[in-house]
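I have placed the structure first, in the form of structure tokens, so that the comments after it can refer back to it.
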Amino acid sequence: MKLNKRYVRSIKADLSFYVSATILTMVTLLMFYLFYIAGTGINKYGDDFFSKYKREDATFSTYAEIPDEELSALETKYGVTLEKERFAATDEDEYRVRVFSPNEKIDLFEIQYGHAPEKNGEIIISAGYAVENNVKVGDKLAVNGKEYAVAGTFLRPDYLYMVENLTDDYKNVTTFLLAYMTPEEFEDCFGGGSINYKVIYGKDTDQISFRKEINENYYMASYLSADSNMRITFVHEQADMFIMSSWFILVIFPLVTVALICILLGRRIRAEQKLIGTLSAMGYEKSKLMRHYSLFAAIPGVIGGLLTSVCALILSRPFGSLGLADYEPMKPQFTLPVWVAVAGVIVPTLIYWLAAMLRVRKLLKEDTVKLLAGQVGNDAKSRRILTKSKKKVGFKYAIRQLVGNPGRSFVIFLGIFLGAMIMAFGYSFIDSVKAVGEQAHGEFGTFKYEYVLNKLEKGTPDGGEAMMILPFEDGEARRFSFIGLDGDATLWNLTTTDGKKADIENGFYISTLCEAICGVHKGDEFTFRSIATLEEHTVKIDGVIRNGYQNYIVSSREKIADITGLDKENYNAILSDRSLDLEKDKVAETITDNSFEMQMRNMLNAMSGLVYAFIGIGMIVCVTSLYATVNTMLSENRHNISMLKVLGFENGRIHSMIISSNHLLLIPGIAFGIAAAYGIMAWYCAQFVEIEKLMIPATLKPFSIILTVLFTAACYFVSLLLLRRKVDKTNMVEALKDGRE
């Protein structure tokens, strides 16, 4: 007898198992591949783009303008590249424009479509706004009351993540855009405009001395390093998050799926114990039998791994594009590294091969007589369950199947659990992002408008409450805001986590987000420094204010004046419960009470494709894994099905008897899957606080739970429906072939 002749025949007989096991391998590996491809592709693009277009190391502004000759002297003295950037902001009816005069050395732009402005009356605009609002080359846009022809669209390295204001938590390409015009047109339209300074440090630059000299001679008004600029850092942060998620997916989902397939392989090999016993009795060596069955097991790994690599190459661009939803319209190259493709074939194949080898090895340790009789692994005790009960045959049979075959029951439970977990995680992500907008509304305060001013004012504003807000950083250069309010302020949320009102006139309080990012708690001493002077200050934290969406310390205007050396009457922001009629050139930024909620809504709209793709994958995994497990169960019950047919049972009743025990696993499988999904979401929210710059509340709403239950149950019953024909095709002759089990 040649064992090689069994391959084709055995594969045909168990084709449904090999197909479902291959699909499971593909789907779970594909999730890892695609997230990994997206992350590595974005990272490489970011590195290349930043280098090619001279990304800044920092942006700063000063109260006194630095003369051009002094810029050259500073460049020589400190070994830096330094450039003065001129810009202006203007509000039109339906959008806001930030206009630049072109730079020559730092933060250059890349034309995506069209050409750079060549004459007055032409502008180029940021690509994200053009795509979102369907603006084409040749269209007209109003800027500062004048019509301009759109000559092209562009990207620039410090705006790949299009955040309008650094206090925002999500991009805005709906009502905000950047524009370039010729230097002559900029001068005619805006005069000198506002000024920022861009710097690229050399390898040996003494950055501290450089910043101190700028502050001493020109008084630094603001300083933002590239490492703290979310418009820049988000490129790598989100890409790294994709890569981290891919490894997380690799550990959780394929591991569970591979475990499921290994268990199924073991059960299928055990089902062939009579043949294995026969072959052993005929003198076949153990090593040969182990190799023979391990080759069967390797099929899903080899085929699944190869097909996944092909699918990943085909889907890398469309799936990678889903990962670009938060960015400007970048064009990375998404490719599957050869070593990842090879590992995707070798690793699951090796695991399946080893699982089969070990299972056959374990069987061959049993007595050959027991193998020939098919008695290994058959629990005779289960047949005595409920023998004295007067319950119906169908009920007793279902309980015996469930209790007497714990391994088989666990595999079916695992299939339900896996599908429910993936789907519930997708819905939990949606609910959690929605909860951010809903919850933040109450944690900000009762103000309707926050006006951030271009310069310091004195006294008390008309129609609102004064606020002093300045940027600081901790010892690890993590930025936060230092807020000063009057003791009678009512519009800002000053309720601490223990339910009391913060005594800002006599203490310092931090937000829960600042507590999480900086690791400082109530009663701790917190040392931080001015981003302008780099002077260090230490204060004792007297409490924590519940606000997981703004990173700040708050105290009185008098205390912030003592630390900064400013006048205690100074303010640079106004909180108001109504719209104020302020001069446009005095307002740098206007934040409304629903701005945050709108940002979260935009985030969901942008990421919905990725999330729903994830939910769809969960449904495929659920149907396929249940099909594989229940198919294995029906194969193992072939003799019993045949016997029931001999006894006159109809196909529908047989199907109900054989399958009904699994219904008892549906609810616990779904419940544990939902609980695991919520736990994973809570972990995810805790891990990415510093990247996302907000505390996402892990949420799974009742409606989402209902959807998860319904979809998982639907997947379960669809898989049973697909397998119904297996009962119908089982012949009564099976009962006469092998004798009693």
Open item on the list: Could you order the peptides 147-153, 416-422, 544-550, 534-540 from most to least packed, using the average number of other C-beta atoms within 10 Å per residue?
Closed with: 416-422, 544-550, 147-153, 534-540
TODO: For residue 683 and residue 717, compute 0.36 nm times the residue count separating them, minus their Cα-Cα distance, and round to one decimal in nm.
DONE: 9.1 nm
- [ ] Could you list, in their original order, any pairs among 171/568; 198/522; 501/559 whose Cα atoms are separated by more than 28 Å?
- [x] 171/568; 198/522
Task: Cα-based equivalent ellipsoid of segment 424-569: semi-axis lengths in Å, sorted from largest, via gyration tensor - done: 26, 20, 15
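Sorted from largest to smallest, which semi-axis lengths in Å does the alpha carbon gyration tensor of segment 79-191 give for its equivalent ellipsoid, taking the root of 5 times each eigenvalue? Don't skip to the answer; put the middle values down first.
Numbers: eigenvalues 75, 65, 41 Å².
After diagonalising the Cα gyration tensor, the semi-axes are 19, 18, 14 Å.
Excluding same-chain pairs closer than 8 in sequence, count the lysine pairs in segment 41-137 whose Cα atoms lie under 17 Å apart.
6
Considering only DSSP states other than H, G, I, E and B, which trypsin sites (Lys or Arg not before Pro) in segment 148-255 qualify as loop sites with at most 10 other Cβ atoms within 10 Å?
Working: sites: 171, 198, 203, 211, 212, 231; in loops: 171, 203.
The qualifying sites are 203.
No value in this document is a laboratory result; all are computed from the given coordinates. Note that this is a predicted model, so its numbers are computed, not measured. Cβ coordinates were reconstructed from backbone atoms using ideal geometry, including for glycine residues, and neighbour counts include every protein chain displayed.
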